[in-house]
Amino acid sequence: MNTLAPGLSWVDLLFLGRRHAIATVVIRDAGSVALIDPGPARCLDTLDLGMQAQGLRLSDVTDLLLTHIHLDHAGATGTLVRMHPKIRVVVHERGAPHMADPSKLLASATRLYGDRMDELWGAFEPVPERNMLVVAGGEQIEAAGRTFEIAHTPGHASHHVSYFDRSSGVAFVGDTGGVCIDGGYILPPTPPPDIDIEAWRSSVARIEAWSPAAIFMTHFGPVSNPRTHLMTLLHNLDTVAGLVRTRLSEAGTDEEQSRRFADDLRRELRTNMTEAQVASYMAAAPLELVWLGLARYWRKKVAR
Ligand SMILES: [Zn+2]
């Protein structure tokens, strides 16, 4: 079992058949179970099996704490609420409208993933407003016998929040802590549309202010040296953003620039990692999306 602390564990959703691409956190006490980021509906069977291995069932779930509403984190939320209508969903105020009516979210995801939407994510069902606890950051909530402090941590997504459980010292930071699979490269996932490097820096400072003993990333798992990890993440964010900026300034079509950038980054990733590790990175943060999000960031900055 993947245990962080008594009552705190996680399930590997084996997204696209890859180990260590997406994790769901499981928090339990005597009468209730909370999940942080249930993942896409496509992985619900794996989540179910993973919970069974821990002696739990999906029908035990009382709370879903969403770090943000991207499909790889929140896709299964509506389906779980339909199956178990008493579930409470915690979500940031900017994400909540899209959980109630996912049409715009799905249209923008379809522009990125095209006809692979169903194969990757499965269904994305709406969440009734009455099930949602809408937060702004700064609140404390109780879930599965624990108190979680909530901070608004934009940068990766404007509606991203992180959750801190002071009793265990673990901060659940979603994508704000980057992608780091099996001790590999600490990659900032930067999909469109709202990458904001300055906001990301402030969010990292906000997480550090908690002085967590460990942080937990959706992609993938816990790290017990948060300060070094987060410093490296910000360093790598500058490096990757710099690669995008350089390629953007060169001649060529968008497609040529994007391809050159993907080659740059793949080379950077392969330096210290195995092919299997790189493949899990591609599942968690496709390089085309890393390019698109940062290219959009730079273009907006120039236009300001
Ligand atoms: Zn995300």
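Residues of segment 234-258 that are open to solvent by less than 80 Å² (accessible area, probe 1.4 Å) and touching a helix residue (DSSP H, G or I) at 6+ places or on another chain (Cβ under 7 Å): Leu234, Leu237, Val240, Ala241, Leu243, Val244, Arg247, Leu248, Glu250, Gln257, Ser258. Filtering Asp72, Asp63 for residues that are out of contact with any His (no Cβ under 7 Å at 6 or more places or on another chain), crowded, with 24+ Cβ neighbours inside 10 Å and within 22 Å of Val135 (Cα to Cα) leaves a single hit, Asp72. Number of residues in segment 25-52 that are open to solvent by 10 Å² or more (accessible area, probe 1.4 Å) and farther than 28 Å from Ala285 by Cα: the value is 6. Has segment 75-83 got at least one residue that is of a type in the set (Lys, Arg) and under 30 Å from Trp291 (Cα atoms)? Looking for residues that are of a type in the set (Lys, Arg) and under 30 Å from Trp291 (Cα atoms), one finds none in segment 75-83, hence no.
Only a single criterion out of (1) closer than 24 Å to Asp72 by Cβ; (2) over 18 Å from the mean Cα position of the chain (by Cα); (3) polar (S, T, N, Q) is not satisfied by Asn236, namely (2).
So how many residues does segment 44-59 have that are free of Cβ contacts under 8 Å to residues at least 60 places away in the same chain and in a helix (DSSP H, G or I)? Break it down into steps so the answer makes sense when it comes.
Of the residues in segment 44-59, the ones free of Cβ contacts under 8 Å to residues at least 60 places away in the same chain are 45-59.
From what is left, the residues that are in a helix (DSSP H, G or I) are 45-52, 58-59.
The number of residues fulfilling the criteria is 10.
Of the listed requirements (1) hydrophobic (A, V, I, L, M, F, W, C); (2) open to solvent by 10 Å² or more (accessible area, probe 1.4 Å); (3) under 17 Å from the mean Cα position of the chain (by Cα), Ile22 misses just one: (2).
Quick grid of which residues meet (1) assigned to a loop (DSSP other than H, G, I, E, B); (2) surrounded by fewer than 23 Cβ atoms within 10 Å (Cβ to Cβ):
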{"site": "Thr147", "(1), (2)": "no, yes"}
{"site": "Ala151", "(1), (2)": "no, yes"}
{"site": "Tyr163", "(1), (2)": "no, no"}
{"site": "Ser167", "(1), (2)": "yes, yes"}
{"site": "Phe172", "(1), (2)": "no, no"}
{"site": "Ile181", "(1), (2)": "yes, no"}
{"site": "Tyr185", "(1), (2)": "yes, yes"}
{"site": "Asp194", "(1), (2)": "yes, yes"}
{"site": "Ala199", "(1), (2)": "no, yes"}
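Has segment 220-227 got any residue that is within 30 Å of Arg82 (Cα to Cα) and out of contact with any helix residue (DSSP H, G or I) (no Cβ under 9 Å at 6 or more places or on another chain)? Yes, the conditions are met somewhere in segment 220-227. Residue-level check: of (1) touching a residue at least 40 places away in the same chain (Cβ under 8 Å); (2) within 16 Å of the ligand (Cβ to nearest atom); (3) assigned to a helix (DSSP H, G or I); (4) not aliphatic (A, V, I, L, M), Tyr113 misses just (1).
Contact map, segment 119-133: residues that are under 20 Å from Glu93 (Cβ atoms) paired with residues that are in a loop (DSSP other than H, G, I, E, B) and open to solvent by less than 40 Å² (accessible area, probe 1.4 Å), Cβ distance under 7 Å, separation 6+ or inter-chain. Pairs shown: Phe124/Gly75; Phe124/Pro102; Pro126/Pro102; Asn131/Ile87. The residues of segment 201-217 that are part of a loop (DSSP other than H, G, I, E, B) and surrounded by fewer than 18 Cβ atoms within 10 Å (Cβ to Cβ), listed by number, are Ser211, Ala213. Out of the residues in segment 75-90 that are in contact with a strand residue (DSSP E or B) (Cβ under 6 Å, 6 or more places away or on another chain) and either within 13 Å of the ligand (Cβ to nearest atom) or assigned to a strand (DSSP E or B) (or both), state the one that is most open to solvent (accessible area, probe 1.4 Å). Looking at the filtered set, the residue picked out is Arg88.
The values are calculated or read from the model by the stated rules, or taken from the named source; none is laboratory data. Since the model is a prediction, treat every value here as computed from it, not as a measurement. Every residue, glycine among them, receives a Cβ derived from its backbone with ideal geometry; neighbour counts consider all protein chains shown. Heads up: the accessible areas ignore ligands, DNA and RNA and are worked out on the full protein's heavy atoms, side chains in. Shrake-Rupley method; radii C 1.70, N 1.55, O 1.52, S 1.80 Å.
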